[in-house]
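**Q** The structure that follows is given in the form of structure tokens.
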Amino acid sequence: MKYIILLFLTCLSLCLSQALLAQTASSDPPAEAALVPSEPPAPPSNVRVSDLANDDGHGIRVTWDLSPDDGAGRSSVISYDIYRTLNPNDPDSLWKKVGTVVLGVRTYADRGEREPGSGSYLPKHTNLYYRVYAVGAGVRSAVATAGPAQATDDWFNTMKVPELIFCLVFLVLTVRFINMAKKGIDLYVRPLAGIEAIDEAIGRATEMGKPILYVLGIGTAGDIATIASFTVLGRVARKVAEYQTSMIVPCCDPVVMTIAQETVKTGYADAGRPDAYKEDSVYYVTSQQFPFVAAVNGTILREKPATNIYLGYFAAESLLLAETGVLAGSIQIAGTDQVSQLPFFVVACDYTLLGEELYAASAYLGREPLLLGTLKAQDYLKAIVLVCMVALLALRMITGADVISKPFDAPWW
Amino acid sequence: MKQQIPLVLVFVFGVLLAIQYFVPSEPSQRFYEVALDGLTVIGIFAMVLGIWSQIHVGYNKIKRRAEDWQYSVVTLVSMFGMAFCGLSFMGGLNGPIFRQLYNNIFIPIQAAIFSLLAFYIASASYRAFRARSAVSTVLLVAALLLMLRVIPTGPLADPINQIGSWMLMVPNMAAKRAILIGVGLGSVATALKIVLGIERSYLGKD
Amino acid sequence: MTSKIAMRILTAIVALIFLVSWITRSGSGMSDSAFTNVRDGFLITFAVFLTLSIFSFLYRDNPFYKFAESLYVGISAGYWMSYGFWSTIVGNFVPRASRSLSEFFHVPYQERADHILIYIPIIFGLILLTRLLPKIGWLSRWSLAFIIGATAGLNLTRYLRSDFISQVSNSFIPLFVDWKGAGDFVSHISLAADGQFIAILSNWVIFVGVMCGLVYFFFSKEHKGAFGVASRIGIWILMITFGASFGYTVMGRISLLVGRITFLFGDWLNIL
């Protein structure tokens, strides 16, 4: 302990000395004043309007050719103002300004609201007319008008083709491996220390007559890490029931608590000991991060669980929980998909499931063919990614052409 | 009925919301908003279950005169006291007593618990520095280099600073990418297992 | 027995210090109103008491920590109840659900064509509450099924771009930045941070790091031979990252404590 304090004091003094040495940054020079031209800039030309692609039917795209005074000529253009109306014969005052873009930009996406009562409502299937002005310092150009155009719904977002392909490939692979597993083909999975430790830890708890603490993190039921943790909780609960030991599951969210109660209950039922399940073993603490941690830390020191399992979504509380667990002498197994919290778990816990390992844990614990099938599909996709990376980079090195940078961002399909 | 309907609901909502991502049309967007509203609204109703759980656990402890039952009294009284101060006639969230309780009890304790991290990171560092294997030595060296960045080390300050920044920029980015790619695959796999009904322990059994 | 007596003596000492602090702080109050000074004196003393109670946890669990913890959890739950009611129900749900309720709570009613749809989640919410009735408690699983199904559906596709596609896409980086042949590279080699050598090294580290990191996460292949070597490099890269993140965070965490020390020695004892 004295080393900890010494180290801590050293860090503190370093921190303070660093703060004393800090220097104030110099302020930015003032911006140059803009020149005021005496004449309005030339207007933009060739204004076109069309339905905005990949939207909910409340958007129009306006495009134009730049004003001759934009970056050339008198260089007097500062921005472009875009106006919209339902009737092209409306007086200027009835044209509604919908947006402004800076000089050099040739397009504007007018995305409106869906509700008619809203101030920026843009009606669907209605003729709309647009005006574009080039704006100088205190003056604007003559008008350039275009229209009509109608906004319509789109039923497929073409920018999401990569995601669709990915999903289909994943689905096909999963179904294939599930079928293989169902036929009895052995699907190998390498041992994972963190998962193997769970069995051992439950046995230790039984020997010591101490409970197991299972923390699902501070996420809600809307976090996929929490859902992954439920799948592990069910299997842990089953083993806990088989070993006839007890478990404590404090929850940070009432929905999470409700699902956790069902999950633990199912685990006990699967083990053939439904009567051993105690409703109060899965309970709600509070929905706020630090009060939750304060309560769980208290529980750790009072109950001295043999094993603490932290799986799910965690933030700054990861270290608070894990270090308290160390003080209580518990075996600790943690897992999260939060990259920023993994270092603390790695340092303070006996076993840590890193990122994807959290999602694989239920398949490891269950060893059911259906679950192992999805694990195999994940590996195949990783292999595809690796092969593509090597092949495409080799192609780039051979051809020298930048044909693969950002391959998923542009709609090349 | 008890098992099949929930499974059908999981499948239907799962598939519809997965497809919705690709469909930008107005009905699809409205469906998405209703689903998000659903998660929020059910969360509100679930709050009743949460409060019920708290009262149930606290009350049982007090009734049984279990160890430390007095603290359950403190929890329940402060919970209902705070909720009472947040009622309409007390001024709601901006009521004077509500704000006083929040600022003078909640905030100081919150700050104190957060600052415990300073002590805990010191003891965690101590443990990390007792490198037990080659892998933990790598972690230790990287951590030390980053810590040394804030210490005045004279002529070594510049190289240490540059190496530290490079480590944060380059290997850090590589590892984060590898983890995120894995997380992306893992979360899709988990979601798929749920939607297809391969994982169903959360739906109870009877 | 001895520990009980020691605890009583300690409680008496704490109570005494509390009283002295309260009286001292009340006496040094800045307000003209005696009540305000006494109240403020109590509040700051109580805040200090709670702060020190939380810190006492570092020694071991004790009644002061238990009290602070229970109070904190209770206050938090009460705050969450009030916040949930005013912010989520009154602020978000009432304006879309009913005109009369909006008028009752003095919030502007939001006229929407699809406002009837808000009642679908309410039905699911009510179904969830059947959990409190043992005979029909199984109905609550419908609501849980909605939550789980919706979450799974949302996660199936929604984070693919940020977590997968963008990460893969950004890993396609040139491995030989500004390459003009080996001779040119050797003659211009330097360790400058913005030089070609460091740029090439960085891109190679990123490329190899991502590849080996992915290899480490392979579950269905034994980590042996070349695969095992790649996997080991992967775990080394991960550990460098964890170490760097850990070291980077240390100073930030210590500044949190500095804030509390300033509160104790500045705001309370006035010696900073």
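The values are calculated or read from the model by the stated rules, or taken from the named source; none is laboratory data. A quick note: this is a predicted structure, and the numbers were derived from the prediction, not measured. With ideal geometry, Cβ positions are generated from the backbone for all residues, glycine too; neighbour counts draw on all protein chains shown. For accessibility, only protein heavy atoms count, side chains too; no ligands or nucleic acids. Shrake-Rupley method; radii C 1.70, N 1.55, O 1.52, S 1.80 Å.
**Q** Filter the stretch A:349-394 for residues that are within 7 Å of another protein chain (Cβ to nearest Cβ) and open to solvent by 30 Å² or more (accessible area, probe 1.4 Å) and give the result.
**A** A:370, A:376, A:392
**Q** All but one of (1) under 30 Å from residue A:179 (Cβ atoms); (2) within 24 Å of the chain's Cα centre (by Cα); (3) open to solvent by 10 Å² or more (accessible area, probe 1.4 Å) hold for residue A:346; state the number of the condition that does not hold.
**A** Evaluating residue A:346 over (1) under 30 Å from residue A:179 (Cβ atoms); (2) within 24 Å of the chain's Cα centre (by Cα); (3) open to solvent by 10 Å² or more (accessible area, probe 1.4 Å) leaves (1) as the failure.
**Q** Of the conditions (1) farther than 18 Å from residue B:179 by Cα; (2) polar (S, T, N, Q); (3) over 24 Å from the mean Cα position of the chain (by Cα), residue C:151 clears all except one; give me its number.
**A** Of the numbered conditions (1) farther than 18 Å from residue B:179 by Cα; (2) polar (S, T, N, Q); (3) over 24 Å from the mean Cα position of the chain (by Cα), the odd one out for residue C:151 is (3).
**Q** Of all residues in the stretch B:97-131, which are among the polar types (S, T, N, Q), closer than 27 Å to residue A:345 by Cα and facing chain C (nearest Cβ under 9 Å)? Outline the logic, then answer.
**A** From the stretch B:97-131, those among the polar types (S, T, N, Q) are B:100, B:103-104, B:110, B:115, B:123, B:125; that's our starting set.
After this cut, where a residue has to be closer than 27 Å to residue A:345 by Cα as well, the list is B:110, B:115, B:123, B:125.
Within the stretch B:97-131, B:110, B:115, B:125 qualify.
**Q** Taking the stretch C:208-229 as the region of interest, how many residues are part of a helix (DSSP H, G or I) and either modelled with pLDDT under 90 or open to solvent by less than 20 Å² (accessible area, probe 1.4 Å) (or both)?
**A** Within the stretch C:208-229, the subset part of a helix (DSSP H, G or I) is C:208-216, C:225-229.
Cutting the leftovers down to either modelled with pLDDT under 90 or open to solvent by less than 20 Å² (accessible area, probe 1.4 Å) (or both) gives us C:209-210, C:212-215, C:225-228.
Within the stretch C:208-229, residues that are part of a helix (DSSP H, G or I) and either modelled with pLDDT under 90 or open to solvent by less than 20 Å² (accessible area, probe 1.4 Å) (or both) number 10.
**Q** Does the stretch B:17-33 contain at least one residue that is touching a residue at least 40 places away in the same chain (Cβ under 8 Å) and at the interface with chain C (Cβ under 8 Å from one of its Cβ atoms)? Spell out the reasoning first.
**A** Filtering the stretch B:17-33 down to residues touching a residue at least 40 places away in the same chain (Cβ under 8 Å) leaves B:18.
From what is left, the residues that are at the interface with chain C (Cβ under 8 Å from one of its Cβ atoms) are B:18.
Yes, there is a match, as at least one residue in the stretch B:17-33 is touching a residue at least 40 places away in the same chain (Cβ under 8 Å) and at the interface with chain C (Cβ under 8 Å from one of its Cβ atoms).
**Q** Of all residues in the stretch A:68-86, how many are among the polar types (S, T, N, Q) and at pLDDT 85 or above? I'd like the intermediate steps shown before the answer.
**A** Step one: filter the stretch A:68-86 for residues among the polar types (S, T, N, Q), giving A:75-76, A:79, A:85.
The next check asks that each one be at pLDDT 85 or above; those that pass are A:79, A:85.
Of the residues in the stretch A:68-86, 2 are among the polar types (S, T, N, Q) and at pLDDT 85 or above.
**Q** What are the residues in the stretch B:172-203 that are facing chain C (nearest Cβ under 8 Å) and in contact (Cβ under 8 Å) with a residue 24 or more places away in the chain, if any? Break it down stepwise before answering.
**A** Start the filter on the stretch B:172-203 by keeping residues that are facing chain C (nearest Cβ under 8 Å), which leaves B:172-185, B:187-188, B:190-192, B:194-195, B:202-203.
Listed by number, the residues that qualify are B:191, B:194, B:195, B:203.
**Q** Quick one: in the stretch C:63-72, of everything that is free of Cβ contacts under 8 Å to residues at least 40 places away in the same chain and not hydrophobic (A, V, I, L, M, F, W, C), which residue is surrounded by the fewest Cβ atoms within 10 Å (Cβ to Cβ)? Don't jump to the end; show me each part of the working.
**A** Kept after step one, since they are free of Cβ contacts under 8 Å to residues at least 40 places away in the same chain, are these residues of the stretch C:63-72: C:65-72.
Checking which are not hydrophobic (A, V, I, L, M, F, W, C) leaves us with C:65-66, C:69-70, C:72.
Details: C:65: 22, C:66: 19, C:69: 27, C:70: 25, C:72: 30.
Here the residue is C:66.
**Q** Take residue C:246 and tell me if it is facing chain B (nearest Cβ under 9 Å), of a type outside the set (Lys, Arg), in contact (Cβ under 8 Å) with a residue 12 or more places away in the chain and farther than 24 Å from residue A:386 by Cα. Write out each step before concluding.
**A** Working: facing chain B (nearest Cβ under 9 Å): yes; of a type outside the set (Lys, Arg): yes; in contact (Cβ under 8 Å) with a residue 12 or more places away in the chain: no; farther than 24 Å from residue A:386 by Cα: yes.
It is false that residue C:246 is facing chain B (nearest Cβ under 9 Å), of a type outside the set (Lys, Arg), in contact (Cβ under 8 Å) with a residue 12 or more places away in the chain and farther than 24 Å from residue A:386 by Cα.
**Q** Right, another one. Would a scan of the stretch A:68-85 turn up a residue that is free of Cβ contacts under 8 Å to residues at least 12 places away in the same chain and not aliphatic (A, V, I, L, M)?
**A** Taking the stretch A:68-85 as the starting set, the residues that turn out to be free of Cβ contacts under 8 Å to residues at least 12 places away in the same chain are A:72, A:75.
Next, only the ones that are not aliphatic (A, V, I, L, M) stay: A:75.
Yes, some residue in the stretch A:68-85 is free of Cβ contacts under 8 Å to residues at least 12 places away in the same chain and not aliphatic (A, V, I, L, M).
**Q** Determine whether the stretch B:88-96 contains at least one residue that is open to solvent by less than 30 Å² (accessible area, probe 1.4 Å), within 7 Å of another protein chain (Cβ to nearest Cβ) and farther than 19 Å from residue C:69 by Cβ. Don't jump to the end; show me each part of the working.
**A** Residues of the stretch B:88-96 open to solvent by less than 30 Å² (accessible area, probe 1.4 Å): B:92, B:95.
Those left that are additionally within 7 Å of another protein chain (Cβ to nearest Cβ): B:92.
Narrowing the set further to residues that are farther than 19 Å from residue C:69 by Cβ leaves B:92.
Yes, that holds for at least one residue.
**Q** Could you tell me whether any residue of the stretch C:35-42 is surrounded by 16 or more Cβ atoms within 10 Å (Cβ to Cβ) and closer than 28 Å to residue B:117 by Cα?
**A** Looking through the stretch C:35-42, at least one residue is surrounded by 16 or more Cβ atoms within 10 Å (Cβ to Cβ) and closer than 28 Å to residue B:117 by Cα.
**Q** Next question. Looking at (1) in contact with a helix residue (DSSP H, G or I) (Cβ under 7 Å, 6 or more places away or on another chain); (2) open to solvent by 10 Å² or more (accessible area, probe 1.4 Å), find the lone condition where residue A:338 falls short.
**A** The single condition residue A:338 does not satisfy is (1).
**Q** If you don't mind, another one. Quickly run through the stretch B:150-169 and pick out the residues that are within 8 Å of another protein chain (Cβ to nearest Cβ), surrounded by fewer than 21 Cβ atoms within 10 Å (Cβ to Cβ) and not in a helix (DSSP H, G or I).
**A** Those that are within 8 Å of another protein chain (Cβ to nearest Cβ), surrounded by fewer than 21 Cβ atoms within 10 Å (Cβ to Cβ) and not in a helix (DSSP H, G or I): B:151, B:152.
**Q** Moving on to the next point. From the residues in the stretch A:288-324 that are assigned to a strand (DSSP E or B) and of a type in the set (A, V, I, L, M), which one is farthest from the other protein chains (Cβ to nearest Cβ)? Walk me through how you get there before you give the answer.
**A** If we filter the stretch A:288-324 for residues that are assigned to a strand (DSSP E or B), which is where we start, we get A:307-313.
Filter once more, so that each one left must be of a type in the set (A, V, I, L, M): A:309, A:311.
Working: A:309: 16, A:311: 12 Å.
The selected residue is A:309.
**Q** Tell me, please, whether a residue that is within 23 Å of residue C:256 (Cα to Cα) and within 10 Å of chain B (Cβ to nearest Cβ) can be found in the stretch C:16-39. Explain how you work it out, then say what you get.
**A** So in the stretch C:16-39, the residues within 23 Å of residue C:256 (Cα to Cα) come out as none.
No - not one qualifying residue is present in the stretch C:16-39.
**Q** Further question on the same structure: Do we find a residue being under 22 Å from residue C:168 (Cβ atoms), open to solvent by 40 Å² or more (accessible area, probe 1.4 Å) and in a helix (DSSP H, G or I) anywhere in the stretch B:191-206? Can you show your working first?
**A** Step one: of the stretch B:191-206, the residues under 22 Å from residue C:168 (Cβ atoms) are B:191-192.
Imposing the further condition that a residue be open to solvent by 40 Å² or more (accessible area, probe 1.4 Å) reduces the set to none.
Looking through the stretch B:191-206, none of the residues is under 22 Å from residue C:168 (Cβ atoms), open to solvent by 40 Å² or more (accessible area, probe 1.4 Å) and in a helix (DSSP H, G or I).
**Q** Can you tell me which residue among B:111, B:142, B:128, B:118 is open to solvent by less than 10 Å² (accessible area, probe 1.4 Å) and in contact with a Gly (Cβ under 9 Å, 6 or more places away or on another chain)? Quick ask: steps written out before the conclusion?
**A** Details: B:111 fails: open to solvent by less than 10 Å² (accessible area, probe 1.4 Å); B:128 fails: open to solvent by less than 10 Å² (accessible area, probe 1.4 Å); B:118 fails: in contact with a Gly (Cβ under 9 Å, 6 or more places away or on another chain).
None of the other options fit; the residue is B:142.
**Q** Mind counting the residues in the stretch A:325-337 that are within 9 Å of chain B (Cβ to nearest Cβ) and touching a Gly at 6+ places or on another chain (Cβ under 9 Å)? Spell out how you get there, then give the answer.
**A** Going residue by residue through the stretch A:325-337, those that are within 9 Å of chain B (Cβ to nearest Cβ) are A:326-327, A:337.
Next cut, touching a Gly at 6+ places or on another chain (Cβ under 9 Å) only: A:337.
Number of matching residues: 1.
**Q** While we're on this one: Filtering the stretch A:301-321 down to residues that are within 18 Å of residue A:211 (Cα to Cα) and buried (at least 22 other Cβ atoms within 10 Å of the Cβ), which residue is nearest to the chain's Cα centre (by Cα)?
**A** Selected residue: A:311.
**Q** Just checking, how many residues over the stretch B:68-80 are surrounded by fewer than 16 Cβ atoms within 10 Å (Cβ to Cβ) and either more than 8 Å from every other protein chain (Cβ to nearest Cβ) or not acidic (Asp, Glu) (or both)?
**A** Step one: list which residues in the stretch B:68-80 are surrounded by fewer than 16 Cβ atoms within 10 Å (Cβ to Cβ), which gives B:68-70, B:73, B:77.
Still in the running and either more than 8 Å from every other protein chain (Cβ to nearest Cβ) or not acidic (Asp, Glu) (or both): B:69-70, B:73, B:77.
Number satisfying all stated conditions: 4.
**Q** Of these, A:361, A:276, which one is out of contact with any Leu (no Cβ under 8 Å at 6 or more places or on another chain) and more than 24 Å from residue B:140 (Cα to Cα)?
**A** Details: A:361 fails: out of contact with any Leu (no Cβ under 8 Å at 6 or more places or on another chain).
Answer to the selection: A:276.
**Q** Scan the stretch C:1-34 for residues that are crowded, with 18+ Cβ neighbours inside 10 Å and within 22 Å of residue C:72 (Cβ to Cβ) and jot them down.
**A** Matches in the stretch C:1-34: C:21, C:22.
**Q** Being farther than 13 Å from residue B:6 by Cβ and within 7 Å of chain B (Cβ to nearest Cβ): is that true of residue C:122 here?
**A** Considered against the rule, which asks whether it is farther than 13 Å from residue B:6 by Cβ and within 7 Å of chain B (Cβ to nearest Cβ), residue C:122 comes out as yes.
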